[in-house]
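S.K.: Just dropping this structure here.
The values are calculated or read from the model by the stated rules, or taken from the named source; none is laboratory data. Fair warning: this is a prediction, and the values are worked out from it, not measured in the lab. All Cβ positions, glycine included, derive from the backbone under ideal geometry; neighbour counts span all protein chains shown. Side chains included, ligands, DNA and RNA excluded: accessible areas come from the protein's heavy atoms. Shrake-Rupley method; radii C 1.70, N 1.55, O 1.52, S 1.80 Å.
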Amino acid sequence: VVTLCKVSNAAPRFVDRVFATEFPQGTLAALEYSYGILNVPGILLATSLIMIAYPSFVRAIESRTLNVRWRNYCGATVAVTIVAVVIAVVLFIWAPSLIALAYGGGAFDETAVATTALILKWQSAGLGPMVAVLILGQALLAYRAYGMLLAIGAMKVAVKIVAIRWLSDTYGLAGLAASFSVTEFATLLMLAIALTVVAARHSQGAAARV
């Protein structure tokens with residue numbers, strides 16, 4: 001089940017690659033370079049919080065003493081997401097300079113820099129939701145809500161396909177990149193709803209055992 005969840009989470013990036021072939025040569029490479037930059041702060045922030053807070057969160061679920069741990073986990077998620085949003089603003093504003101600094105020179109000419117910067121600019125809007133999705137997805141996994149995780153994964157792929165088709169047709173390369181942000185926002189909303197439902201059921205179950 002966990003493997004299927006990981007596959008469904010990775011599928012939107014595969015969709016990106018498929019649609020990138022409809023654009024000029026070099027778009028796919030620019031997309032991958034942009035993802036490379038975006039994943040550094042995103043995965044670092046999410047992984048750091050998960051390593052610190054997740055073990056105690058799981059223990060709290062198992063011992064039925066979740067209320068305080070849940071508030072702490074949510075608070076930490078919000079704090080880390082805010083940091084990610086600040087980083088996203090920096091990426092959005094200074095994308096061209098950052099891409100030129102990171103990849104400029106050699107075979108990476110001005111056109112490649114401009115293309116990658118445009119993609120990074122519109123993908124960066126999804127950095128905050130991406131971090132929150134990674135963290136809250138682990139929370140749902142801790143509840144062993146595997147069915148919900150699979151359902152959300154499937155809906156995430158569906159949202160990605162619809163978003164990238166519409167946005168890329170309407171806004172071109174910027175739309176292709178923005179579909180990432182739209183998908184992450186939608187996934188965050190689905191996870192928030194699922195966690196609210198699961199946490200409420202867990203609390204009711206704990207109260208019934210008292």
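S.K.: Could you grab me the full set of residues in region 33-64 that are open to solvent by less than 50 Å² (accessible area, probe 1.4 Å) and closer than 26 Å to I161 by Cα?
M.R.: Passing the criteria: S34, Y35, G36, I37, L38, N39, P41, G42, A46.
S.K.: Here's a follow-up. (1) under 22 Å from Y73 (Cα atoms); (2) crowded, with 18+ Cβ neighbours inside 10 Å; (3) among the basic types (K, R): which one isn't true of R144, the others all being true?
M.R.: With (1) under 22 Å from Y73 (Cα atoms); (2) crowded, with 18+ Cβ neighbours inside 10 Å; (3) among the basic types (K, R) applied to R144, the lone miss is (2).
S.K.: Right, here's the next one. Can you run down the residue pairs with Cβ atoms below 6 Å, 6 or more apart or on separate chains, where the first is in region 35-51 and under 12 Å from T77 (Cα atoms) and the partner is open to solvent by 20 Å² or more (accessible area, probe 1.4 Å)?
M.R.: Listed pairs, sorted by first residue: L45/V80; A46/L134; L49/A76; L49/V80; I50/Q138.
S.K.: Out of curiosity, is V162 surrounded by fewer than 17 Cβ atoms within 10 Å (Cβ to Cβ) and at pLDDT 95 or above? Can you show your working first?
M.R.: Details: surrounded by fewer than 17 Cβ atoms within 10 Å (Cβ to Cβ): yes; at pLDDT 95 or above: yes.
Yes: the conditions hold for V162.
S.K.: For V85, indicate whether it is in contact with a Gly (Cβ under 6 Å, 6 or more places away or on another chain), in contact (Cβ under 8 Å) with a residue 40 or more places away in the chain and either open to solvent by 50 Å² or more (accessible area, probe 1.4 Å) or more than 25 Å from S168 (Cα to Cα) (or both).
M.R.: Working: in contact with a Gly (Cβ under 6 Å, 6 or more places away or on another chain): yes; in contact (Cβ under 8 Å) with a residue 40 or more places away in the chain: yes; either open to solvent by 50 Å² or more (accessible area, probe 1.4 Å) or more than 25 Å from S168 (Cα to Cα) (or both): yes.
So V85 fits the description; yes.
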